[in-house]
Amino acid sequence: MKQPDFALTQGWWYPAILGSVLLLFMIFMPKRLSWREIYITFSLIGYIVWTVDMTLAAPLDIFDIGHPKKEGLPEILLFSVIPSCLSVIYLNYYSQEKKWFYVVLFVVVSLILEWVTVKVGLMELKLWKTWWSTPVHFVAYAYFLPWHLKFIRRNQA
């Protein structure tokens, strides 16, 4: 019987532990978001991250996660679960009065988590530098996610 072609590579434990911790935190945090808003945000962010990876990162070969020719648990967690959890947690605590505090906090946390992904040997940078993610994270936290929440709440009574 042939084994599944599913990679568990060096450093797989990092996204497994981080993804589990973030999922548990997201599930048990005091909620300011509805489950509908959580579901929509979680799904949309996972979709966006996978789409960006498939249309830009993979064709341009700017970095490798895990085994360069196989998909596996690290990709699922790093592209679907972790960014989605961080986005939901961010929006749950987001307020207009503390916007810039949370933007800076989550940009820094996101950069540190990406840097650790490289340090544990799970992510190999090719044409990318970790700090180049700063504007991407900044736009996501400062503009896209607040707009997204306003958009999904626009017709709620």
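Across region 131-141, which residue is surrounded by the most Cβ atoms within 10 Å (Cβ to Cβ) among those that are under 13 Å from V108 (Cβ atoms) and not polar (S, T, N, Q)?
Applying the first criterion (under 13 Å from V108 (Cβ atoms)) to region 131-141 yields 131, 133-134, 137-138, 141.
From what's left, not polar (S, T, N, Q): 131, 137-138, 141.
On the way: W131: 10, H137: 19, F138: 16, Y141: 25.
Checking each candidate, the answer is Y141.
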| task | Kindly establish whether Y141 is of a type in the set (F, W, Y), farther than 25 Å from F63 by Cα and in contact (Cβ under 8 Å) with a residue 12 or more places away in the chain. | result | no
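Looking only at residues in region 90-112 that are crowded, with 18+ Cβ neighbours inside 10 Å and out of contact with any Lys or Arg (no Cβ under 9 Å at 6 or more places or on another chain), which one is nearest to T134 (Cα to Cα)?
First, the residues of region 90-112 that are crowded, with 18+ Cβ neighbours inside 10 Å: 90-92, 94, 102-103, 106-107, 110.
When the remaining residues are screened for being out of contact with any Lys or Arg (no Cβ under 9 Å at 6 or more places or on another chain), the result is 90, 102-103, 106-107, 110.
Values: Y90: 16, Y102: 14, V103: 11, F106: 10, V107: 7, S110: 9 Å.
Taking the candidates together, the pick is V107.
Do any helices (runs of 4 or more DSSP H) entirely within region 92-157 hold 1 or more residues that are more than 17 Å from the chain's Cα centre (by Cα), and if so, which?
Correct list: 99-119, 145-153.
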| Conditions (1) at pLDDT below 90; (2) within 23 Å of V116 (Cα to Cα); (3) in a helix (DSSP H, G or I); (4) not small (G, A, S); number of the one not met by K69 | (3)
| field | Extreme residue, nearest to V52 (Cα to Cα), among residues of region 118-130 that are touching a residue at least 40 places away in the same chain (Cβ under 8 Å), surrounded by 11 or more Cβ atoms within 10 Å (Cβ to Cβ) and not charged (D, E, K, R) | value | W128
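The values are calculated or read from the model by the stated rules, or taken from the named source; none is laboratory data. Just so you know, these numbers come straight off a predicted model, no measurement behind them. When we count neighbours, we look across all protein chains shown, and the Cβ atoms used for this are built from the backbone with ideal geometry, even at glycine.
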